[in-house]
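Here the structure comes first, spelled out in structure tokens, and everything after it is commentary.
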Amino acid sequence: FSPPGFFSPPGFFSPPGFFSPPGFFAPPRFCIDQDTPVATVDESGKLIWKKASDVQIGDKVWSVSWDGLENEMDFDPFTWISDSLENVHMVVSEISNIIESVKDITATINQDEEKRFSLEQTILIKRNNKYFFGTTGVLEIGDTIVERSDETGEFIEIEVSEVKLIDEQRKVYEFDAAPHDILIAGGLVVHNKKIF
């Protein structure tokens with residue numbers, strides 16, 4: 001027994017084009033708020049802070065590295081996890097691409113307007129004594145984040161006491177830097193996934 005032909009016209013079980021996934025299934029954009037300061041390098045090699053909206057392609061920025069951090073070309077940063085950070089230091093990278101977009105919701109961390117990001121921005125988090133890259137949207141009270149101290153220049157850990165969502169349209173920026181995409185924004189160690 002087989003059903004008449006009208007039960008299986010060509011393409012019957014293939015959804016038409018308008019069922020294809022919309023753009024929001026694309027990988028999220030990693031975005032730093034327009035007013036969040038980014039650690040850049042001045043002509044003398046010193047650190048100067050620039051608002052994200054003022055950073056340009058070709059600018060030199062301070063990137064962060066440490067022992068055991070694998071090359072991003074060889075691994076997915078979202079799979080990286082470690083018990084410790086050894087020999088944390090800054091290296092110079094160069095901004096090679098910038099994508100500007102608008103977000104309806106951003107978040108500040110610990111009531112600090114300079115620590116303002118989209119919910120998709122990836123930052124270095126410590127939870128249950130493990131370091132990993134996670135988005136601001138998954139931050140929990142009691143998590144630890146890594147910040148560069150302006151006073152000492154060292155990297156210190158601070159506890160997350162508040163994540164405040166702000167319902168307001170803001171320009172945000174995704175930065176692609178080479179050779180390293182681990183930047184310092186709002187004083188925090190953040191990561192923008194390299195665009196291959």
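Scan the strands (runs of 3 or more DSSP E) fully inside the stretch 15-120 and keep the ones with 2 or more residues being among the basic types (Lys, Arg) and either more than 28 Å from Ile141 (Cα to Cα) or at pLDDT 95 or above (or both). Even if it seems obvious, please write down each step before you answer.
Working: elements: 37-41, 47-51, 60-67, 86-109, 112-118.
Fully inside the stretch 15-120 and qualifying: 47-51, 112-118.
Do we find a residue being surrounded by 21 or more Cβ atoms within 10 Å (Cβ to Cβ) and hydrophobic (A, V, I, L, M, F, W, C) anywhere in the stretch 149-164?
Let us first name the residues in the stretch 149-164 that are surrounded by 21 or more Cβ atoms within 10 Å (Cβ to Cβ), namely none.
Checking the stretch 149-164: not a single residue is surrounded by 21 or more Cβ atoms within 10 Å (Cβ to Cβ) and hydrophobic (A, V, I, L, M, F, W, C).
This table checks each residue for (1) exposed (fewer than 12 other Cβ atoms within 10 Å of the Cβ); (2) touching a helix residue (DSSP H, G or I) at 6+ places or on another chain (Cβ under 8 Å).
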| residue | (1), (2) |
| --- | --- |
| Leu85 | no, no |
| His89 | yes, no |
| Glu94 | no, no |
| Ile99 | no, no |
| Asp104 | yes, no |
| Asn110 | no, no |
| Ser118 | no, yes |
| Asn128 | yes, no |
| Tyr131 | no, no |
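All but one of (1) open to solvent by 10 Å² or more (accessible area, probe 1.4 Å); (2) in a strand (DSSP E or B); (3) at pLDDT below 95 hold for Lys193; which doesn't?
Failing condition for Lys193: (2).
Is there a residue in the stretch 139-149 that is charged (D, E, K, R) and over 25 Å from Ile48 (Cα atoms)?
yes
The values are calculated or read from the model by the stated rules, or taken from the named source; none is laboratory data. Quantities reported herein were computed from a predicted structural model and do not represent experimental measurements. Positions of Cβ are generated from backbone atoms using ideal geometry, with glycine treated the same way; all protein chains shown enter the neighbour counts. Surface areas here come from the heavy atoms of the whole protein model, side chains and all, with no ligands, DNA or RNA. Shrake-Rupley method; radii C 1.70, N 1.55, O 1.52, S 1.80 Å.
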